[in-house]
Amino acid sequence: MNLIVKSSSLAVIAALTAVLAACGFHPVGSRPMPPSLQSVFVELIDPYRVTTPPVEEALKARIVRGGGEVKSKADEATTVLRLSDLREAQEVLSIDNDGRAIEYRLLTRVTFEMRRVVDGKAEVLIAPETQTVSRDYSFSAQQILAKEAEEARLRRYIQDELAERVLLRVEARLSAIDPGLARPAEAGKPASNAEQQPELKPGIVPADAAGAAVPG
């Protein structure tokens, strides 16, 4: 009996998911990628890094889930999404009667730009733009280990959200330049060269006004 109920529930969920997808709704990070992100090389400029930061991992995962392909070399890709100036900062928001910090704000920012190669020449699709995400959290001296773990999870969550914002801004900027660049490619039909190579004019859009600036 339980097996029948579970099977029925799964069938209903699958049907609802299919209906929502047909209507244009997609889970966060799984919407179809536009033509300019169907074949992309993601590059993070950070000469001192020893591991791959979460924002880079999250970007690549979202592109793949959306049907795009992340290339291992820039010359194999249609476009290059470059990340730079990845910074994290911590601000004290409040202190207790003994002068110890009890509330912090974590901020993370990254600068991104997109280029593509046409006839052997690099062409700017999106000029450098900065996105910032911040979150507040409380701290207790009596729970240092727990709070350190919470802070590590929060930092990863912030970079994951940062990746989503970067993709949304990329799609918005491409759409502003030429709607064809941001329109998801039809299933089984790669975008044509005509759609991918309009006459473009680079421009800079101010960073997200909702995010606070991170100290340099």
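For this structure, a couple of remarks:
- Dipole magnitude of segment 32-184, debye to nearest 20 (Cβ charges: Lys/Arg +1, Asp/Glu -1, about Cα centre): 340
- Pairwise label distance in nanometres, GLU76 with VAL118, each label 7 Å out on the Cα-Cβ vector: 2.5
- Taking each residue as 0.36 nm, the span from GLU151 to GLU91 lengthens on full extension beyond its C-alpha to C-alpha distance by 20.3 nm.
- Radius of gyration and Dmax over the Cα atoms of segment 32-184, both given in Å: 18.3, 65
- Estimated FRET transfer efficiency when R0 is 35 angstrom, pair VAL64-ALA101 (beta carbons, to 0.05): 0.30
- Among PHE112, PHE139, the order by Cβ neighbours within 10 angstrom, fewest to most, reads PHE139, PHE112.
- Remark on segment 31-119: hydrodynamic radius 15.2 angstrom, per the Kirkwood mean of 1/r across alpha carbon pairs.
- Here ASP160, ASP98 are placed in order of increasing Cβ neighbour count within 10 Å, fewest first, which gives ASP98, ASP160.
Here, each number is a calculation from the coordinates, and none is a lab measurement. Because the structure is predicted, anything quoted here is derived from the model rather than measured. A quick note on method: Cβ atoms are made from the backbone with ideal geometry, for glycine too, and the neighbour counts reach across all protein chains shown.
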